[in-house]
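The values are calculated or read from the model by the stated rules, or taken from the named source; none is laboratory data. Since the structure is predicted, the reported quantities are computational estimates derived from the model, not experimental observations. Because the Cβ atoms are built from the backbone with ideal geometry, glycine has one as well, and the counts that use them run over all protein chains shown.
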Amino acid sequence: MHIGAVPSYLEREGSSLVYMADKLIKLSKHPDSGFYLYDTDRLVLKLEALKDRGEKTLLLGVSFALLDLAERYNVDVGDNCIVMETGGMKGRRKELTRAEMHEKLCYAFRTQHIHSEYGMTEMLSQAYSKGEGRYHCPPWMKVLIRDVNDPFSKVAQGATGGVNVIDLANIDSCAFIATSDLGRVFDDNTFEILGRFDYSDVRGCNLLVA
């Protein structure tokens, strides 16, 4: 079953993240699947009940909402729950590196790994991390790292720089995107997100709750 700690579809029907969460909730066909962002007390009770029953669960949430939940409740989600965050603070809280955020979430939810989704409104594709901190792209998506001082130059593998994305799924829109994220690419074509450029525009689905 799937639980979304994001705004509901009726509130933000134009959001790609909300559309994805709503689709997963409907596909699960589970009576406990749903949006719980504004009902954290009920969410905690659901998580505890699902843990006791040993049901496989996906807790999908915007990062600041998961941190708020973790700090307020310290709920043990159990071994059958996957916790997946979908991005940074976007102005809602102090920016943290993903490593710092995952450490906090692991401790609060008493889990070994935090899964993560990397995507944005401008992209039709997403990359996913299974908890090791490195994102895996689908075959039609590629991440390149540019020099922070020269946007027309690439850096060596393993070096830190600005994240560029090629998404061939963007057939009717721009397939080449220069983001405000900092990251690095490894020899196996996985990549890591380290943070954002200072003073970059605050954008994205985590601005849905204001």
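Just to be sure before I move on: is Val155 hydrophobic (A, V, I, L, M, F, W, C), crowded, with 18+ Cβ neighbours inside 10 Å and at pLDDT 90 or above in the structure I sent? Talk me through it step by step, then tell me what you get.
Numbers: hydrophobic (A, V, I, L, M, F, W, C): yes; crowded, with 18+ Cβ neighbours inside 10 Å: no; at pLDDT 90 or above: yes.
No; evaluated as a whole, the condition is false for this residue.
Could you tell me which residue of the range 92-143 is nearest to the chain's Cα centre (by Cα), considering only residues that are in contact (Cβ under 8 Å) with a residue 60 or more places away in the chain and outside any loop (DSSP other than H, G, I, E, B)?
Among those that are in contact (Cβ under 8 Å) with a residue 60 or more places away in the chain and outside any loop (DSSP other than H, G, I, E, B), it is Tyr118.
Out of Leu66, Leu59, I need the residue that is under 22 Å from Lys23 (Cβ atoms) and touching an Asp or Glu at 6+ places or on another chain (Cβ under 9 Å). Which one?
Working: Leu59 fails: touching an Asp or Glu at 6+ places or on another chain (Cβ under 9 Å).
After ruling out the rest, the residue left standing is Leu66.
Here are Gly162, Gly183, Gly204: which of them is closer than 25 Å to Leu66 by Cα and at pLDDT 90 or above?
Details: Gly162 fails: closer than 25 Å to Leu66 by Cα; Gly204 fails: at pLDDT 90 or above.
From the options Gly162, Gly183, Gly204, the qualifying one is Gly183.
Pairs under 7 Å by beta carbon, first residue under 18 Å from Glu100 (Cβ atoms) in the range 177-199, partner polar (S, T, N, Q), six or more apart or different chains?
Leu182/Thr160; Arg184/Thr160; Leu194/Thr97; Leu194/Thr160; Gly195/Thr97; Arg196/Ser180; Phe197/Ser180
Modelled with pLDDT of 90 or more, of a type in the set (Asp, Glu) and touching a Phe, Trp or Tyr at 6+ places or on another chain (Cβ under 9 Å): is that true of Asp167 in this structure? Spell out how you get there, then give the answer.
Numbers: modelled with pLDDT of 90 or more: yes; of a type in the set (Asp, Glu): yes; touching a Phe, Trp or Tyr at 6+ places or on another chain (Cβ under 9 Å): yes.
So Asp167 fits the description; yes.
Mind checking which residues of the range 29-41 are assigned to a helix (DSSP H, G or I) and either β-branched (Val, Ile, Thr) or modelled with pLDDT under 85 (or both)? Give the derivation first.
Kept after step one, since they are assigned to a helix (DSSP H, G or I), are these residues of the range 29-41: 40-41.
Within the range 29-41, Thr40 is the sole residue that qualifies.
Can you report the number of residues in the range 47-66 which are part of a helix (DSSP H, G or I), within 20 Å of Ser15 (Cβ to Cβ) and not small (Gly, Ala, Ser)? Walk me through it before giving the result.
If we filter the range 47-66 for residues that are part of a helix (DSSP H, G or I), which is where we start, we get 47-53, 63-66.
Then drop every residue that is not within 20 Å of Ser15 (Cβ to Cβ), which leaves 63-66.
Pick out the ones that are also not small (Gly, Ala, Ser) and you get 64, 66.
Within the range 47-66, residues that are part of a helix (DSSP H, G or I), within 20 Å of Ser15 (Cβ to Cβ) and not small (Gly, Ala, Ser) number 2.
Would you pick out the residues in the range 144-170 that are among the charged types (D, E, K, R) and part of a loop (DSSP other than H, G, I, E, B)?
Our first condition is that a residue be among the charged types (D, E, K, R); within the range 144-170, this holds for 146-147, 150, 154, 167.
Result: Asp147, Asp150.
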